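Let me begin by presenting the structure, written as structure tokens, before commenting on it.
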Amino acid sequence: MPMPSSLRCDHTAAWQDLQRHYDTAGRDFDLRRAFAQQPGRFEALSLEAPYVFADLSKHLVDDTAQALLLRLARECGLESRRDAMFSGEAINNTEQRAVMHFLLRQPDAAPDAAVPGAPAWRDDLRAVQSTRDAMLAYAERLRADPAITDVVNIGIGGSDLGPQMATLALADAARAAETGGPPRKRMHFVSNVDGHELASVLETLRPEGTVFLIASKTFTTAETMTNAASAKAWFLARGGTDTARHFAALTTNVEAARAFGIERTFGFWDWVGGRYSLWSAIGLPLAIAIGAESFRAFLAGAHAMDAHFRTAPLERNLPVRLGLLDVWYRNFHGFATRCVAPYHHALRRLPAYLQQLEMESNGKRVDCDGQVLPFGTSPVVWGEPGTNGQHAFFQMLHQGTDVIPVEFIAVRRAAHDLPGHHGKLLANALAQAQALMQGQPDAGGHRHFPGNRPSGFFVLDALDPAALGALIALYEHRVFVSGALWGINSFDQWGVELGKVLAKDIEPRLASGDTAGLDASTAGLLARLRGSPAA
Ligand code: F6P
């Protein structure tokens, strides 16, 4: 089903013009020359969005590319596609679902009419608010309960990566929000079906001091169900008695949670995609870690970014500008990966979180109508915090054969008071971006750096809840933009299904040794894993 008044990028006139521009000027664009010729380049190509300042001047774009990319967005109908999402249309066409994670961060006080089409989701908004109130009241009760020392979130994918990344990112905010009550809870995240993970966490716990949050949108995911069952068995075997107090479910499938034996459930809705669910009940571990007030600030930061995306002109719209650069790099320059380098230890899980957000959303080879795409879609997104990455893969970024755009994220104010560190950290971020661009073109042989390697640079004032909320929402909307231009459905994930089905077939074969009908490689490996290599 075609999306509302949208056109796939390669069917527009702007696409042909971009190709021509790339061939005549884009391929040989040189950042050093551009800065020399355009003294105001930094001002012209930096943008202020809520809580995030972005310098895009070290990207490989000139005025013409910039203008053509904006024309591409308009010819593709990006604005109407965006408005369709915000008004609750079923833009996830393969599952016939609306995509309304933005509603989860709509503040209680904001008039719903602030968003076009608001009446369509007025009832949903009421449900969002009452669930949020109940969940935050529970989080506060738990925070105040000295008998509970540990909280274990059991979930995978979107039911793990978001809450885990944000809980780590806001550990300092959690410390600052301490009120002199009971000590903060120890937060644990268990995702893998690999029992080593759960076993190592259980080893540190006492049943009477632990609350398990079973986080699963569907409440059917094999890894989560396996871990939840083992956690419950451990709890009962170690003398735990009150499962109603020690287990809660975060899910859209209340029935299944009840069938599992969980009475306390915080729900959400099918219009919240798993990788967009951090703002829903799936955010409960974060709310327990940072408190209700900070969690509301986190939502408010994201809401501010929603408003920016919804209302800022495309020229000054940061998610739009980033999404357009992603298309320019992927489809014209042919860059297949993007490196994310957060220069903040607390953002160490951000690359992993972004991998699901971007690659599960836009890693598609057909458009919304099922037509095979003649161009590339999601880049590989990867990275590590700086400065660690500098001592690992930055060699390749500077002197390797591939050009890999880098996204630096720096935070102006540190939350520690160790002298000297923060200045060194920020200097390194600036220096790396500078080195990538300038290179050392006059040096020969092994000391030659070609330079002209692109990077973007985000600055947050502080890593506080509002800024983190805004940063994540920025990434969500940027993924929406490139997905919309590519004409794909960024909100389904059929590509994860086949492996799940095959694993169900293989699991009993590992026990029985039956290899009938398997290809020779799978059969041989199965035999090897059973300890019978000659079979
Ligand atoms: O990996 C596929 C997926 O469906 C993700 O999209 C989702 O975040 C994850 O599994 C977990 O799903 P659930 O929350 O339903 O357990």
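Readers should treat all values here as calculations from the given coordinates under stated rules, not as data from a laboratory. In this text the structure is predicted, and so the values were computed from the model without any measurement. Here the Cβ positions follow ideal geometry from the backbone for every residue, glycine too, while neighbour counts run over all protein chains shown.
Here are some notes:
- Other-chain or far-sequence residues with amide H under 5 Å of Phe212's (modelled H): Val152, Phe247, Ala248
- Between the listed residues Val61, Phe212, His101, the Cα displaced farthest toward the positive end of the dipole of the chain, a dipole computed from Cβ unit charges relative to the Cα centre, is found at Phe212.
- Only Lys, Arg (+1) and Asp, Glu (-1) charged, at Cβ; the chain dipole about Cα centre in debye: 660 debye
- Under 23 Å from Lys58, Cα to Cα: lysines that are on another chain or at least 8 residues apart: Lys424
- The chain: relative contact order as a whole-number percent, Cα under 8 Å and 6+ apart: 19 percent
- Our coupling estimate for the range 33-47, obtained by passing each phi through the Karplus curve with A = 6.51, B = -1.76, C = 1.60 and θ = phi - 60°, is 5, 4, 5, 5, 7, 10, x, x, 4, 4, 5, 5, 10, 10, 9 Hz, Gly and Pro reported as x.
- Ordering Ala462, Ala484, Trp494 by the projection of their Cα atoms onto the charge dipole of the range 451-535, which places +1 on the Cβ of Lys and Arg and -1 on the Cβ of Asp and Glu, puts Trp494 at the extreme positive end.
- Mean Cβ neighbour count within 10 Å, used as a protection proxy, ranking 416-423, 159-166, 361-368 highest first: 159-166, 361-368, 416-423
- The range 132-254 - charge dipole about Cα centre, Lys and Arg +1 at Cβ, Asp and Glu -1, debye rounded to 20: 220 debye
- Cα gyration tensor shape of the range 163-298, rounded if a/c is under 1.5, else prolate or oblate by comparing a/b with b/c: oblate
- Contour minus Cα-Cα distance for His446 and Leu510 (0.36 nm per residue): 18.0 nm
- As a proxy for reagent exposure, ranking Trp279, Trp121, Trp382 by other Cβ atoms within 10 Å from fewest up yields Trp382, Trp121, Trp279.
- Amide proton proximity set for Glu407, modelled H, under 5 Å, gap of 5+: Cys339, Val340, Ala341, Gly456
- Gain on full extension, evaluated as 0.36 nm per residue between Phe42 and Glu497 minus their Cα-Cα distance, stands at 159.3 nm.
- Listed by chain and number, the aspartates and glutamates whose C-alpha is less than 17 Å from the C-alpha of Lys500, apart from same-chain residues fewer than 8 away, are Asp194, Glu223, Glu360, Asp492.
- Coupling constants for the range 230-242 follow from the phi torsions by the Karplus curve (6.51 cos²θ - 1.76 cosθ + 1.60, θ = phi - 60°), and in residue order they are 5, 5, 5, 4, 4, 4, 5, 5, 8, x, x, 10, 9 Hz; glycine and proline get x.
- Kirkwood hydrodynamic radius of the range 388-525, Cα pairs, Å: 20.1 Å
- Charge tally in the Cβ shell below 13 Å around Arg27, where Lys, Arg are +1 and Asp, Glu are -1, Arg27 excluded: -3
- Amide H contacts of Asn92 (H built 1.01 Å from N, in plane; Pro and chain starts excluded): Arg97, Val99 sit under 5 Å, all sequence-distant by 5 or more or on other chains.
- Looking at the range 342-464 alone, DSSP beta bridges between its own residues are antiparallel in about 20 percent of cases.
- In sequence order, the range 516-521 has phi-based couplings of 4, x, 7, 5, 5, 5 Hz under the Karplus curve 6.51 cos²θ - 1.76 cosθ + 1.60, θ = phi - 60°, and Gly or Pro positions carry x.
- Per-residue [θ]222 nm for the chain (sum of -39500 (n - 2.57) over DSSP H runs n ≥ 4, rounded to 500): -13000 deg cm²/dmol
- Shape category assigned to the range 1-73 from the gyration tensor of Cα positions, a/c cut at 1.5: oblate
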